[in-house]
There are 2 protein chains.
Amino acid sequence: MSNSPNRRMKIGDFLLCRLKEAGVRHLFGVPGDYNLELLQQLQDTGALKWIGTCSELNASYAADGYARLNGLGALLVTNGVGALSAINGVGGSYSEHVPVICIAGSIPLRSVERGLGMHHTMADGSYDHFLDAYAHVTAAHARLTPRNAAVEIDRLILTAWREKRPVYMELPSDIAYLDIEVPADPLTLADAPSDPERLRSCIAAIVRRLSAAKSPAILVDSDADRFGVAPELMQLAEKMQIPIAVINTAKSVIDEPFPHYLGIYIGKPSEPHVREAIETSDCLLAIGYRPLEVTTGDFSASLPANTIHARGHSVDVGDDNYQAVTLKEVLNGVIDAIPRATSRASRPVAPAVARPHADPSAKLTQAAYWQAMQGYLREGDVLFVDNGTSYALFGLKFPPKCTFVGSVNWGSIGYSVGALLGTLTAAPERRHILFVGDGSFQVTAQELSTILRHDHKPVIFLINNGGYTIERGYLGKTETYNDIANWSYADLPKVFRRDTRARSFVVKTVNDLQDALAAPNDTLIFVESIMDPHDALAPVMNSSNKGADLDYGPRGPQRSDNQLRPVQ
Amino acid sequence: MSNSPNRRMKIGDFLLCRLKEAGVRHLFGVPGDYNLELLQQLQDTGALKWIGTCSELNASYAADGYARLNGLGALLVTNGVGALSAINGVGGSYSEHVPVICIAGSIPLRSVERGLGMHHTMADGSYDHFLDAYAHVTAAHARLTPRNAAVEIDRLILTAWREKRPVYMELPSDIAYLDIEVPADPLTLADAPSDPERLRSCIAAIVRRLSAAKSPAILVDSDADRFGVAPELMQLAEKMQIPIAVINTAKSVIDEPFPHYLGIYIGKPSEPHVREAIETSDCLLAIGYRPLEVTTGDFSASLPANTIHARGHSVDVGDDNYQAVTLKEVLNGVIDAIPRATSRASRPVAPAVARPHADPSAKLTQAAYWQAMQGYLREGDVLFVDNGTSYALFGLKFPPKCTFVGSVNWGSIGYSVGALLGTLTAAPERRHILFVGDGSFQVTAQELSTILRHDHKPVIFLINNGGYTIERGYLGKTETYNDIANWSYADLPKVFRRDTRARSFVVKTVNDLQDALAAPNDTLIFVESIMDPHDALAPVMNSSNKGADLDYGPRGPQRSDNQLRPVQ
C-alpha cells in the first residue's frame, strides 16, 4: 500500500479519473435521467470522451469492440431499462473474455433506503433485481455508496482487467457529486506478481516436457490475445522452431504469415497437416483452450492426453495444477530457459493469391465473393465477421498485423455493427472491414448512424441473401421463418446522415464487386451484395448441417432433409 | 381434476397447442439454431402464426403490446444471446404487469447433462445463468424436460395469466420432438374461485364503508385493465353516482367521456377538482394502486388514510387483509349489494375542442402540435406514447373506446415501436397511432420494417427535435450528450420496404401538419415534425425539472440551473 496522503474527490469525478488512469479514453452509452449527473461530470472534467449510441445493446457491443483493441472498455447506461438492454452484450463479453465495465446510473440511494417507488424499476419494492441479474454474467458487481466507492471502483476496474471479464456497478444518481476520501496514487493495471516458488516449478516442469519432446506444438485460444501473450508465443515457437496453431476464436492472434503459423485447428474439419501436428504432438502447449462445439468441429477435436493447459492465472502440467502464476511470467520464464532449437525446419507457407473469376458478368456467388475478398485484405486491417455465411472469412489468409474481431462463442447476431463503432473509436487510424449478413445487420443497423456521425471510414460488406442462410443449413431451407424483410440497405447511409459522402454500392456480379473494391476509401464504403439464399461455402454449410444433428438429436426434424446442403 | 384419459403429443406441439388454447394466436421472435425445431412444428401444425422481428428486444416489446390487447402474449428466442436481448422487454412486462410468455429454445439436454461446451452460452461450464437472470424479472421460470413439460407448460402459462406477469421457459432443442403423455382436456384460463367466506366478508366490509361514506370515490391504476374490471368499475361508479379517477399509467382504462370520469390523479399537478375528489374522499376505493414518483407527481399524491386497496387477488379494508379473493368477484359482489344512489349529480364534462392555431404558417410548436392532435383522435383508436415530450398525450382528451399504450413505470425508450407491431397484430382492424420522439425511435427503428412487411397501416407521429429533450429538462439543456444524429426519418419507410405505398411527411409548420393530418389512412402514414430542442409542454418540463431534484439531491448539478425550464 502507498503511504501517500489521501485526497478528496467527488465520487463521479473519481470514477471517471480511475477509468482514465486505466486507459479508458471513451465512454459509450445512452443518457438517462439517472446518469446525466455523471455525464455532466464527464463534460466538465473532460476526463473521457462521450460516444452516445442509439441503444444500450449497441453501447455494450461498442464497449466490447473497444476493449478488444484498447485493453479495457466501458459503457454508461441508466437504471433497469438501460442495464437490461445492455446485458446481452455484457454477457457476450463474459463468454468471449473481454474486460468491460458496465456502469448503471441508478436510482438515488435516498429512494433505495426509503423504499420509494421509482420509474425504471420493477416497481415491486426491491431494488436489487438488476444487480442480481448481472451477478450471473459478470466477474464482480456492486452498488456504490459513499462508504464503499473508493474501494469498489478500484476493485471492479482491476477485476475486469485481471480476469478479462465484464463487471457491473450501480452509481446512485444522488451520490455522484458527494466528496469522499480517495487514494492519492493513480490506479495501476497490473497482476499481483506470481508466487516465486510456484512460478519456478511451473516453468521447470514445462521446460522439462517441451525439451524432451520430439514433436512439440502450441495451440492458441483467444485468451492469448486477451492476456497479451501473442508476442511471447511467437518468440517461443521461433526459439524452439515448433508449429503454432490457433482455434477459430483466436484467428489472427498469431500473425498468419509468421513462418511457424500452422493454421486453424478445429478437429476433423481442420486441414490435415494442422490436425496431425496438434493431435499427434507429444507435448502440446495449449493456451486458454475452451472446447465448444463451434471451436472443435462438433467435439471432433482430440488433444493429446498430456497437453499442458496454460491459462491467464494457472497452469496444468500432468497432475499438477499451478496457481498464483501469471501467463506472461510463465511464458517468459519458459522462453528464457528453453534451449534454442536449430534442427526443425519451418513449413513453407503458400502466399495468398487472389485468382480472377472465370465469368465476371455472371451472377455473384459466395465462392467468387470470398475469392475477391482475399485480394482486398491488406496489412493491418481490423477484420470483423458477424455470424452467418460471412464465417467464410475464417478461410481467408490474413496479411500481417491484421486483427480478427468476432463473437464465435457467444454468437450474438448484430454484434459486429456495434462493436465496429468500438474498434473504430479505439483505433481510428486503422482500416476496419465488416463482413455481415442481412439478418445480423438488421438487429443493430442504427449504429451505422453513429459511425457516420463520427466521420469514420470503415468498409462494410453486407450480404443480402434474403434471410438467415446459416439457419437454413440447420433447418427450414425454404421455410418462411428464415426469411426477412428486403431492405434497400445501400440507401441507409444517406438516411442516417443527410450530408454523408459515403459511397454505396449494390453488387450483383463479379464486375460490380470489382468496381466497389476499386473505390477509394476516403469515406465510408457500403457494399450490398445480392446473393442466393441457398448459397454458402461448404465449411459454413457443413457446420450448420452437423450442428443440426447435435441440436435436435436422433428424433429431430433435420432428418426430413430439407436442410441446405453444400454442393459437392 | 379431469377424469379424461391422457393422450400423447410431442413436447413442442403440446406447448404450441397450450398457447393456442390460452388465446395466443401469434408468436414473435427471432429464429436461432436452438429454436428452429419449434418453428418447424409451428409451421407444420399451423397452431400459431410466426411474426419474425428484427431483434429479440423488439420481439419482447411486440409480445408485450400484443398481450395488452389480447390478454396474453408470447415470444420465442434462442439460448443466451436471444434470451438476454429480450430481458429488458420482459422486465418491462413485469414492471407494467403484462402477461408475457418468453420461450427460449435452449441448448440440448444432452449438452446440459454431459457438460458439453456450446455456443450461445457463457462457456464456463454452467447452464443455469439465464434461468437465474430471468428469475429476477419473471413470476416463474423453468427448464423443460420430458418429465416436467406437461406440468410446467401449464403452470407457467397459468401463472403468467393469473399474476399478469411474464414467465420464462427454456425448451432444450433436443426434446421438442419427443412424445410425452399430456392432459386430454384443453387448458382453461381461470382464477381459482374465491374463498366463499373471505369473499362474503370482504364485500360486506367494502359495502359497509362505501354506503356510509359521504364522498366516496374510485382511483384506478393499470391493474384494472390487466384484470379486466374496467366495466365493473364503471358500473359501480354509475350505480353509486361517484367519481372515478385514474393514475397516468391507467389513462383510458376508464372511458374518458364516461360521465363519472374525473381525470388523471397525479398528486399536486392534478387538476384541482380531481385532487379534491380523491384526497378529501371519506371512502376511496383504489384499484391496484402503485405509487411511483412518476405516477404521484413526485410523491405529492396523498390518499386518505382509510383508503380501501383492492388488488388482483387481495383487498385491504382498514386493518383487514383479505386473501383468496379475486378482484372481479369482489367488485361484482359490491355492485350487487350496494344501494343505487340517486342523490349525487354527475360532473358535466367539457367536450374536447380543437382550436385552430393563430398562424398556420409559423414554425411548428409543441403547443400547436398537440392542439392539432386533439382534433385528430377518434373513437376506438389505440394511442401509443413513447417516453419524451410526447408525454403531452396525457393532456389530451380521448374519445370513447380508445386504448392508451405506454411504458410509464418501466419507461424504456423505444418500447413503443416494437409494441406497436404487437398491438397491430392483435387488433389490425383498429387505428393505431404512435407518438414518439427521435431519441426513442432510434432505439428500435428497424421494427418499422416488420410493420410495413405485414401491410399494417398505423399513423406514426415522430418529433424530430434533435435529441433527448425530456432529459434536457433534467440536466444538460444545451449539452451535446443530449444530442443525437439527425436522420432523414421520413425516408425510412421506403428503405425498409422498397415497394411501400406509405405516405411520408416532413412537417415544419401548422399548415404542413394539417396537410399530413388530412392524408387518407389507406396505408401507413409517417409524419416527421421538426420542432425546437427546447420546446416541450409545461407539464412535461415541470416533471423533468422536479425529477432532477429527486434524482440528484441537494448537492446535484441541476442547481447550476442549465435545465430546460417551461416558459411561464
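Here A:D549 and A:D282 are evaluated by their C-beta separation; at R0 = 56 Å the FRET efficiency comes out at 0.95. Applying 1/(1 + (r/R0)^6) with R0 = 56 Å to the Cβ-Cβ distance of A:A362 and B:N521 gives a FRET efficiency near 0.75. Interface residues of region A:177-211, defined as those losing at least 50 Å² of solvent-accessible heavy-atom surface relative to the isolated chain (probe radius 1.4 Å), are listed as A:Y177. Measuring spread by the Cα atoms of region A:6-183 yields a radius of gyration and Dmax of 14.5, 43 Å. Among B:410-416, B:295-301, sorting by the average number of other beta carbon atoms lying within 10 angstrom of each residue, highest first, gives B:410-416, B:295-301. 3J(HN,Hα) along region B:524-536: 4, 10, 10, 10, 9, 10, 7, 9, 6, x, 10, 9, 7 Hz, from the Karplus curve 6.51 cos²θ - 1.76 cosθ + 1.60 with θ = phi - 60°, whole Hz, x for Gly and Pro. Note on A:K268/B:R110: beta-carbon distance plugged into 1/(1 + (r/R0)^6) with R0 of 22 Å gives a FRET efficiency of 0.70.
Would you list A:E447, B:E471, A:E197 from the most to the least accessible area, probe 1.4 Å?
Details: A:E447 0, B:E471 25, A:E197 80 Å².
Listed by decreasing accessible area, they come as A:E197, B:E471, A:E447.
Given +1 at the Cβ of Lys and Arg, -1 at the Cβ of Asp and Glu and no other charges, the dipole of the protein assembly as shown around its Cα centre is 800 debye to the nearest 20.
Applied to region B:53-67, the Karplus parametrisation 6.51 cos²θ - 1.76 cosθ + 1.60 on θ = phi - 60° returns per-residue 3J(HN,Hα) values of 10, 6, 8, 6, 4, 5, 4, 5, 5, 4, 5, 5, x, 4, 5 Hz, with x for Gly and Pro. Taking every residue in B:440-453 and counting other chain Cβ atoms within 10 Å of its Cβ, the average works out to 4.
The order of A:T307, B:T188 by accessible area, most exposed first and with a 1.4 Å probe, is B:T188, A:T307. For A:W410, the residues whose amide H sits under 5 Å from its own are B:H120, ignoring neighbours fewer than 5 places away on the same chain, with H placed 1.01 Å from N. Carbon and sulfur atoms: what percent of the 1.4 Å accessible area of the protein assembly as shown do they account for? Whole-percent figure for carbon plus sulfur exposure: 51. Between the listed residues A:L262, B:Y177, A:H432, the Cα displaced farthest toward the positive end of the dipole of the protein assembly as shown, a dipole computed from Cβ unit charges relative to the Cα centre, is found at A:H432.
Over chain B, what is the relative contact order in whole percent, taking alpha-carbon pairs under 8 Å and six or more residues apart?
Relative contact order, chain B: 12 percent.
Spin-label model, B:E181 to B:A135: label points 7 Å out along the Cα-to-beta-carbon direction sit 3.1 nm apart.
Between A:N511 and A:N321, the simple label model (points 7 Å from Cα in the Cβ direction) yields a spacing of 6.4 nm. Where a Cα-Cα gap under 18 Å defines reach, which lysines qualify for B:K397, not counting those fewer than 8 residues away within the same chain? Cross-link targets: B:K251. Here's how it looks for A:E170: its modeled amide H is under 5 Å from those of A:A104, A:A142, A:R143, A:L144, which are all 5 or more places away or on a different chain. Think of the axis that spins chain B onto A; the B residue whose C-beta lies nearest it, and the distance in whole Å, is B:A133, 2. Annotation: amide H-H contacts under 5 Å for A:C283 (H modelled 1.01 Å from N, sequence separation of 5 or more, or interchain): A:S215, A:A217. The label-point distance for B:R559 and A:S211, in a model that sets each label 7 Å from Cα toward Cβ, rounds to 6.9 nm.
Rounded to the nearest 10 square angstrom, A:R8 shows an accessible area of 150 square angstrom against a 1.4 Å probe. Are there any residues in region A:493-515 with a reduction of at least 20 Å² in accessible surface when going from the isolated chain to the assembly of protein chains? Probe 1.4 Å, please list them by number. Flagged in region A:493-515: A:V495, A:F496, A:R498. In this assembly of identical copies, the label point of A:R555 (Cα plus 7 Å along Cα-to-Cβ) is separated from its counterparts by 6.3 nm, sorted shortest first.
Position A:E197: other-copy label points at 7.2 nm, ordered by increasing distance, label point 7 Å along Cα→C-beta. At a probe radius of 1.4 angstrom, the accessible area of chain B per residue rounds to 34 square angstrom. Computed over region A:6-183, relative contact order equals 29 percent, with contacts defined as Cα pairs under 8 Å that lie 6+ residues apart.
Can you pull out the buried accessible area for chains B and A, both sides counted, probe 1.4 Å, rounded to the nearest 100 Å²?
8000 Å²
In this assembly of identical copies, the label point of A:K363 (Cα plus 7 Å along Cα-to-Cβ) is separated from its counterparts by 5.3 nm, sorted shortest first. Counting only Cβ charges, +1 for Lys and Arg and -1 for Asp and Glu, the dipole size of chain B around its Cα centre is about 960 debye. Dipole size of region B:196-337 about its Cα centre, with +1 on Lys/Arg Cβ and -1 on Asp/Glu Cβ: approximately 200 debye, rounded to the nearest 20. For region A:231-287 versus region A:83-155, the inter-centroid distance based on Cα atoms is 40 Å.
Shown in residue order for region B:379-392 are the 3J(HN,Hα) couplings computed by the Karplus curve 6.51 cos²θ - 1.76 cosθ + 1.60 at θ = phi - 60°: 3, x, 5, 9, 10, 9, 10, 9, 5, x, 5, 5, 4, 3 Hz (x for Gly and Pro).
The values are calculated or read from the model by the stated rules, or taken from the named source; none is laboratory data. Keep in mind it's a predicted model, so treat the numbers as computed, not measured. Every residue, glycine as well, gets a Cβ built from its backbone with ideal geometry; the counts of neighbours run over all protein chains shown. Side chains included, ligands, DNA and RNA excluded: accessible areas come from the protein's heavy atoms. Shrake-Rupley method; radii C 1.70, N 1.55, O 1.52, S 1.80 Å.
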